[in-house]
Amino acid sequence: MKPVAYFLCALALALIFFSPLLILSYYEKLPEPLHYSGILHLWHISDWRPGGLPSADFLKKCLTQYESQNPNIFIELSCLTKDQAAKAIMEGHSPDLISYPYGTVLALEFASLPHIDHYLPSFQGLAYPYMCGGYCILVNTDLMDENGIETGSGWGIRPDVLISAAKAGVCFDAEPGYSALPALALHTYPPSERPNINTFDEPNPPDAMTRMQPASREGLDLFCRHEAGVLIASHRQLYEAALSSERGEGPSFVAFAMSGYTDMVQLVSVIANEDTARQTAGQEFAAALLSAGVQKKLETFGVFPSIRGLDIYTDDTCRRAIYQLLCQNTVLASPFERAVLDELALEALGGKNAALQQLRQQLMRFQ
């Protein structure tokens, strides 16, 4: 037999021997992670507002960006109240993702979410916080000038200055169901501006709130009518007061951050689904809400990110300070404790030091 014939026979035998292995090797590499293609349904429930545009507008921007990067996925956004969502669930309907305020109870089974390092609690791995509100102190500078009170500048008002400003009247209210009052119990200010007054020494927060009395009328309106020197405000009221001032319908004012307390947090969860690709797509969108680029967009809405270290609100001393305090010392109160906290805060505002101390102890439990 010629050498060429020997070579061809050997090659044929080799192919017969190795072909099953090659086929198996090919099929072992063939399975790839399934990519979802279709519609994801996103429900949005919100009972607190950012400054300016609604929070649904933020989600619309986020999903539009996500769809542009994932052309085979379309996200359908539905805005519902808590009652509407509960009714839909009772009728057997379910979304793929849901955005909802902290403390909302939903009869849905959530999928676990991969860990992402953020400064708010992890919510047992079943929800990402992606947006939060905050509180601040507004001081009418026109009334302060009339009374010869120097408010100073910087991110936190000194307690002795706050007490003096409060003599021109203090008012407060917040978003429905939320309260700025407990935030005042943890009021902090820069150590470099700490006055040499023993009662303000660490570790106790300042007692400025014990000298204040609650207003009986709507706080923001009262402040805008120059009938109160100080407004204990939500971020939303900060936006509305600034808008009134720009229109000449409200006073000139300076705003100060208070503390790392908040009771306004928006969460996103993914509904557990036997369709792994569908569930994974939902998890990827939820994680995208916590990306630095997306979180930076919250600046347009006057609210605060849920990740640390963003260069945000560079030209807004008060909001930047609120963000920094939230990052450094988050105090997230349970929604089920709000009535107790408000009651203690009102007692403290009436001058009861025991209530103030108890309120501080209660708030520190939520850190």
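Restricting the stretch 99-178 to GluC sites (Glu not before Pro) that sit in a DSSP loop and have at most 16 other Cβ atoms within 10 Å of their own Cβ leaves Glu109, Glu150. In a DSSP loop and with at most 13 other Cβ atoms within 10 Å, the GluC sites (Glu not before Pro) in the stretch 232-303 are Glu249, Glu274.
Past 32 Å, Cα to Cα: identify those pairs from Lys61/Lys87; Lys167/Lys296; Lys87/Lys352; Lys82/Lys297; Lys61/Lys82, in the order given. As for pairs spanning more than 32 Å Cα to Cα, those are Lys167/Lys296; Lys87/Lys352. Applying both filters, DSSP loop and at most 15 other Cβ atoms within 10 Å, to the trypsin sites (Lys or Arg not before Pro) of the stretch 297-326 gives Arg308.
Once you reduce the stretch 100-126 and the stretch 41-89 to the center of their Cα atoms, the two points are 17 Å from each other.
Hey, with R₀ at 22 Å, roughly what FRET efficiency would Arg225 and Glu150 work out to, going by the Cβ-Cβ distance, to 0.05?
Computed FRET efficiency for Arg225 and Glu150: 0.40.
Viscosity 1.002 mPa s, temperature 20 °C: Stokes-Einstein D of the stretch 39-145 from its Kirkwood Cα radius, in µm² per second? Using the Kirkwood radius from Cα pairs, D works out to 132 µm²/s.
Classification of the stretch 229-367 by its C-alpha gyration tensor yields an oblate form. The axis ratio a/c (a ≥ b ≥ c) is 1.5 or more, and b/c is at least a/b.
Only the coordinates and a few stated rules stand behind these numbers; no lab work does. These figures come from a predicted structure and were not determined experimentally. Positions of Cβ are generated from backbone atoms using ideal geometry, with glycine treated the same way; all protein chains shown enter the neighbour counts.
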